[in-house]
Structures are given as structure tokens and as C-alpha cells.
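Have a look at the structure below, then the notes.
Just so it is clear, none of the values below were taken in a lab; they were calculated from the coordinates. Only a predicted model underlies this, so the values are computations on that prediction, with no experimental measurement involved. All Cβ positions, glycine included, derive from the backbone under ideal geometry; neighbour counts span all protein chains shown.
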Amino acid sequence: MDAIKQSICIYEAILADVDKNYPMRGGGGIGRIVQNSTTSYSIYILQEEREDVRKYTVQVDPKGKVTILSVTEETITH
């Protein structure tokens, strides 16, 4: 699997998790998804005067199945 296809699989898994587990539906939506390392990604969700950040650690098997190993949350206030 090439790097672009792997990124797409990871983004889809992260977006599905946000859809299922992020309850704060107001604000400006998703601002960005950032790859921090090969197995670490952050998604920034825009809210009034802040960004909620969910940091994901993932694992991808050779067939492209993504497993989310951990999720941590923080808030950046502007």
C-alpha cells in the first residue's frame, strides 16, 4: 500500500471515530488533520474561541485495516 492510500485509510478511520464519539456539534467544523508521525495524527475541531484537538495513535496492517490504539483530547484557547 502506498503512502497516499494509507493516509486515506487512516483519515477515514479518524473521521468515523469523530463522527461517533465527538459530541460537540456546534462551531466551525473540522479545521485540519495533521500527521505528527507515521502512527500519530491530530484532528483540530473549531469551536468558538478554541480548538478541540483529538490526538490519535494508529496501527495499519498490510491490507490497510486501521486500528485506533489511543485517543487523547486537549483544548487550545484563542
Likely footprinting exposure, 42, 70, fewest C-beta neighbours within 10 Å first: 70, 42
Assertion target for 49, 73, ordered by fewest C-beta neighbours within 10 angstrom first, is 49, 73
Quick one: work out Rg over Rh on the C-alpha atoms of the chain, Rh as Kirkwood radius. 0.99
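With charges set only on the Cβ (+1 for Lys and Arg, -1 for Asp and Glu), what does the dipole of the chain come to about its Cα centre, in debye to the nearest 20?
Details: 9 positive and 11 negative charges, 52 e Å.
Dipole of the chain, to the nearest 20 debye: 240 debye.
Can you give me the relative contact order of the chain as a percent, contacts being Cα pairs under 8 Å and 6 or more apart? Mind showing how you got there, number by number?
Values: 118 pairs, mean separation 19.8, N = 78.
Reported as a whole number, the value is 25 percent.
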Within 10 Å of each residue's Cβ, count the other Cβ atoms and sort 54, 25 from fewest upward. 25, 54
If one takes the longest principal axis of the Cα atoms in the chain, at what angle in degrees, from 0 to 90 and to the nearest 10, does the Cα axis of helix 3-21 lie? 40 degrees
Signed unit charges on C-beta, dipole axis of the chain, positive-most listed residue 35, 23, 7: 7
Karplus-derived 3J(HN,Hα) from phi for segment 54-67 (6.51 cos²θ - 1.76 cosθ + 1.60, θ = phi - 60°), whole Hz, x at Gly and Pro, runs 10, 9, 10, 10, 10, 9, 10, 7, x, 8, x, 6, 9, 10
Name the residues whose placed amide hydrogens come within less than 5 Å of the amide hydrogen of residue 50, ignoring near sequence neighbours (fewer than 5 apart) on the same chain. 78
